[in-house]
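**Q** The structure under discussion is supplied below as C-alpha cells; questions concerning it will follow.
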Amino acid sequence: MHTVMSNKAISILIPIYNSVCVKQVKELSAQAQQLNVDYEIIVADDDSPLKDVVRGNEAINDMPNCQYIVKPTNTGSAATRNFLAERSRYPWLLFIDCDVEISNPSFLRTYLLYIDNDYDVINGGIAVADNPQMGSNLRYIYEKAAEADHTAAKRQKQRYQEFRSTNFMIRRDVFLQNPFDERFTKSGYEDVLFGKHLKHSNAAILHIDNPVTMTEFETNPDYVLKTERNLRTLYQFRSDLRGYSRLLTLVSGIHISAILWLMRLWHRMFGAIERRNLCGSRPYLLVFKLYRLGYYLSLTR
C-alpha cells in the first residue's frame, strides 16, 4: 500500500568518485515510489578513472526518474555538489555520499516529515555498522569511538560546527545562496566551512537521528594518507575554519611556545614510528590523535 505524500517534491543528489552506487539508488527510488512523491535522483561522477565503475553505474539511467552524469573533468566534491544542485529541479535537495548504505526502510519518509517545518537544513547523521572483523581497521576504530559524540542531541548543541555533508536535506534556494566553496578541490573540511556559511546566513539547522550507515572503510595506509591530505587542507584554510575545527581550537589554545616546540620535536623524532603503527595491523587511537596533532604542527613551523 502506498503512503501518499504527494505535496512533497525532492531531488536526491549523490556525488560519486570511483564507486558504484546502484544499490543505494535502487533503495532510495523504491522508498520514493512507496511514498508516492515527486522525486528525481541525480548521480554525478567526478570523472572516475575506473571504467568498470562507470559501466556499473550506467544502469542508473534505466531507472525511473534517475540520471547518471559523468563529468568531463575532475573538480572535487565541493564543485560536484554545486553541479548537482544547479541541475536539480525540486525545492528540497537531499545530499547523500556514495559510500554509505541506506539501512532504514523509513529513511526517506523520516526526512519528508520535516519538509513543512521552519527549518532550512535537516542533518541526519551517520551510524557505523558493527563489524568485529574490522577491529584492526583504523578508520573503523576512529569512527566507532566517535559515534557516541554524534547523536542528534549532541550535534544540535553546536549545530553549525557539527554540520557534515554525508547525509543532509536542504532547501534548494538556501543551498544556491550558500554553495560549497570550490577552492576545496579535494574532499576534507569543505563541509565544515559550509556549516560556517550557513550560520552567517542565519539558516535554521535541525539535527535528527536519521543516519546513513558506514559499511566501507579504507585500508590503514590509505586512511593515513587521507588524514594527512585533510590536515594540509586544514592548514591551508585555517583562517576560514577558525572556531569550526576542534584541532584548530586545541592548537590555538596552546600559548606556551616551548610546548609547541616540544610537540614538533616529538613528531620529528617519533612521527615515523607512529605512522608505522597506524598503517599496521594493530593501530592505536591514542597514537592516531598524537600523530594528527604532530603532523598539523609540523606544517605550522
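**Q** Would you confirm whether or not the stretch 136-151 contains a residue that is outside any loop (DSSP other than H, G, I, E, B), in contact with a strand residue (DSSP E or B) (Cβ under 7 Å, 6 or more places away or on another chain), closer than 23 Å to residue 110 by Cα and free of Cβ contacts under 8 Å to residues at least 24 places away in the same chain?
**A** Scanning the stretch 136-151 turns up at least one residue that is outside any loop (DSSP other than H, G, I, E, B), in contact with a strand residue (DSSP E or B) (Cβ under 7 Å, 6 or more places away or on another chain), closer than 23 Å to residue 110 by Cα and free of Cβ contacts under 8 Å to residues at least 24 places away in the same chain.
**Q** Here is a further query. Please indicate, with yes or no, whether at least one residue in the stretch 85-97 is farther than 16 Å from residue 171 by Cα, out of contact with any Ser or Thr (no Cβ under 6 Å at 6 or more places or on another chain) and among the small types (Gly, Ala, Ser).
**A** Residues of the stretch 85-97 farther than 16 Å from residue 171 by Cα: 97.
Next cut, out of contact with any Ser or Thr (no Cβ under 6 Å at 6 or more places or on another chain) only: none.
No, the conditions are met nowhere in the stretch 85-97.
**Q** If you don't mind, another one. Anything in the stretch 230-248 that is touching a residue at least 24 places away in the same chain (Cβ under 8 Å) and closer than 16 Å to residue 161 by Cβ? List them, or say none. Reasoning before the result, please.
**A** From the stretch 230-248, those touching a residue at least 24 places away in the same chain (Cβ under 8 Å) are 230-235, 237, 240-241, 243-245, 247; that's our starting set.
If the condition is that a residue be touching a residue at least 24 places away in the same chain (Cβ under 8 Å) and closer than 16 Å to residue 161 by Cβ, then 234, 237, 240, 241, 243, 244, 245, 247 are the ones that fit.
**Q** Could you please find all residues in the stretch 248-301 being assigned to a helix (DSSP H, G or I), under 25 Å from residue 133 (Cα atoms) and among the aromatic types (Phe, Trp, Tyr)?
**A** Answer for the stretch 248-301, where residues must be assigned to a helix (DSSP H, G or I), under 25 Å from residue 133 (Cα atoms) and among the aromatic types (Phe, Trp, Tyr): 288, 291.
**Q** Among the residues of the stretch 210-221, what is the count of those that are farther than 28 Å from residue 107 by Cβ and either of a type in the set (A, V, I, L, M) or exposed (fewer than 14 other Cβ atoms within 10 Å of the Cβ) (or both)?
**A** Of all residues in the stretch 210-221, those farther than 28 Å from residue 107 by Cβ come to 219-221.
If we keep only those that are either of a type in the set (A, V, I, L, M) or exposed (fewer than 14 other Cβ atoms within 10 Å of the Cβ) (or both) too, we end up with 219, 221.
Number of matching residues: 2.
**Q** Something else now. Inside the stretch 68-100, can you point out the residues that are within 16 Å of residue 188 (Cα to Cα) and acidic (Asp, Glu)?
**A** Hits for the stretch 68-100 are 97, 99.
Here is a yes/no grid of residues against (1) modelled with pLDDT under 95; (2) more than 25 Å from residue 91 (Cα to Cα):
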position	(1), (2)
118	yes, no
128	no, yes
136	no, yes
168	no, no
180	no, no
187	yes, yes
198	no, no
206	no, no
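Per-residue answers, yes or no, for (1) open to solvent by less than 60 Å² (accessible area, probe 1.4 Å); (2) over 29 Å from residue 195 (Cα atoms); (3) touching a Gly at 6+ places or on another chain (Cβ under 9 Å):
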| site | (1), (2), (3) |
| --- | --- |
| 228 | yes, no, no |
| 231 | yes, no, yes |
| 236 | no, no, no |
| 242 | no, no, no |
| 245 | yes, no, no |
| 253 | yes, no, no |
| 267 | yes, yes, yes |
| 280 | yes, yes, no |
| 292 | yes, no, no |
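**Q** Sticking with this structure for a sec: For the stretch 102-118, name all the residues that are open to solvent by 70 Å² or more (accessible area, probe 1.4 Å) and of a type outside the set (S, T, N, Q). If you could, list the steps in order and put the result at the bottom.
**A** First, pick out the residues of the stretch 102-118 that are open to solvent by 70 Å² or more (accessible area, probe 1.4 Å): 103, 105, 109, 113, 116, 118.
Scanning the stretch 102-118 gives 105, 109, 113, 116, 118.
**Q** While we're looking at this one, here's another question. For the stretch 126-171, give me each residue that is farther than 23 Å from residue 193 by Cβ and surrounded by fewer than 16 Cβ atoms within 10 Å (Cβ to Cβ).
**A** Residues of the stretch 126-171 that are farther than 23 Å from residue 193 by Cβ, as a first pass: 127-138, 140-141, 144-145, 147-148, 151, 153.
Listed by number, the residues that qualify are 130, 131, 132, 133, 135, 136, 145, 147, 148, 151, 153.
The values are calculated or read from the model by the stated rules, or taken from the named source; none is laboratory data. Computed from a predicted structure; not experimentally measured. As a convention, Cβ positions derive from the backbone with ideal geometry for all residues, glycine included, and neighbour counts pool all protein chains shown. For the accessible areas, the whole protein counts, side chains as well, though only heavy atoms, and no ligand, DNA or RNA atoms are used. Shrake-Rupley method; radii C 1.70, N 1.55, O 1.52, S 1.80 Å.
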